[in-house]
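Undergrad: Take a look at the following structure, please.
The values are calculated or read from the model by the stated rules, or taken from the named source; none is laboratory data. Note that the coordinates shown come from a computational prediction; the quantities given were computed from them, not determined experimentally. Here Cβ is always computed from backbone atoms with ideal geometry, including for glycine, and neighbour counts include all displayed protein chains.
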Amino acid sequence: MKTRLVVVVAALAAIMLPAAVARAERPRIAVMEVAGPKVAPDLRERVTHAVHEGLLASGADVVDGMPAAATGPGGAPCEGNGCVTAVAKATVSGFVVRGTLEVDGRTYELRLEMLDGKSGDLIDSREDRCEICTEGEALEMAGVSASALKVQAFKKRAAAAAPEPPPPAPKTILEATPPGAANVEASSRVVSGPKAETDEHKELGWIGVGVGAMAGLVSWRLFAIDGEGTCNDGANQCPHLYSTKGWGIATIVGGAAAIAAGVLVLTGKF
């Protein structure tokens, strides 16, 4: 019996969990009645409903049935952070949307604000104007404005919360002495930025020239010991002789190619 009960509970949890997660990802927003001293109450109510629908369309969890105190004591405008946080607490919302509507003939001006439910601070705002419009067009404007405000406000919050990208890692390159030096010594240094790219390109050219010079010294030595004995007791006592002429030729050819490539890089032709 207990095993069967556990299976049933687990099945219910598996069904309800995705819905709960999806709901948690939708920000809960309380919509206050749109203010407008010179606007008829029925129009303000319809504009408030249009804002509500616009937020729903943008993926928000909008609070239904705002309490009467949402507009302040006695129906007065809700001003100040304390009133905003009280609305958010009463509706268990993380955010509050407040708006103001002005009508002049057939011109409708709407200002919407997205407020932080915990602090009452302004997150973002948006103003839209519809000239020579019908009431239906004004309501459509209100819905689009609310949807756009939600998108831009949460994009702004995400950008503010995102960590700053780390600075670019410095590059380590090899630096060789100019050709003609007795020894080719390599050292490392840290560089960055556009100038570093140019310096790195030139230094690669010097490396090619330096490698070619070193190859010349090595090939000269290989030619010098070709045919000599492998010991110091004289040729008669050393039946094995060095045969390095082929290696010397290969080395001098490779060195010449390295010098040529280095010169092309230094002159900007490669």
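Undergrad: Consider only pairs whose beta carbons are under 7 Å apart and that are at least six residues apart or on different chains; among these, list those whose first residue lies in the range 133-149 and is more than 19 Å from VAL39 (Cα to Cα) and whose second residue is of a type in the set (D, E, K, R).
TA: Pairs found: ALA148/ARG126; LEU149/ASP124; LEU149/ARG126.
Undergrad: What number of residues within the range 55-89 satisfy the criterion of being at pLDDT 75 or above, surrounded by fewer than 21 Cβ atoms within 10 Å (Cβ to Cβ), under 19 Å from THR100 (Cα atoms) and of a type in the set (A, V, I, L, M)?
TA: 0
Undergrad: Can I ask one more? Condition first: crowded, with 17+ Cβ neighbours inside 10 Å and assigned to a loop (DSSP other than H, G, I, E, B). Now tell me which residues in the range 90-132 satisfy that.
TA: Matches in the range 90-132: SER93, GLY117, GLY120.
Undergrad: Which one of these does PRO41 not meet: (1) buried (at least 17 other Cβ atoms within 10 Å of the Cβ); (2) at pLDDT 90 or above; (3) farther than 18 Å from GLY94 by Cα?
TA: The failed condition is (1).
Undergrad: If you take the residues of the range 104-152 that are among the basic types (Lys, Arg) and touching a strand residue (DSSP E or B) at 6+ places or on another chain (Cβ under 6 Å), which of them is farthest from GLU79 (Cα to Cα)?
TA: For the range 104-152, the residue satisfying everything is ARG129.
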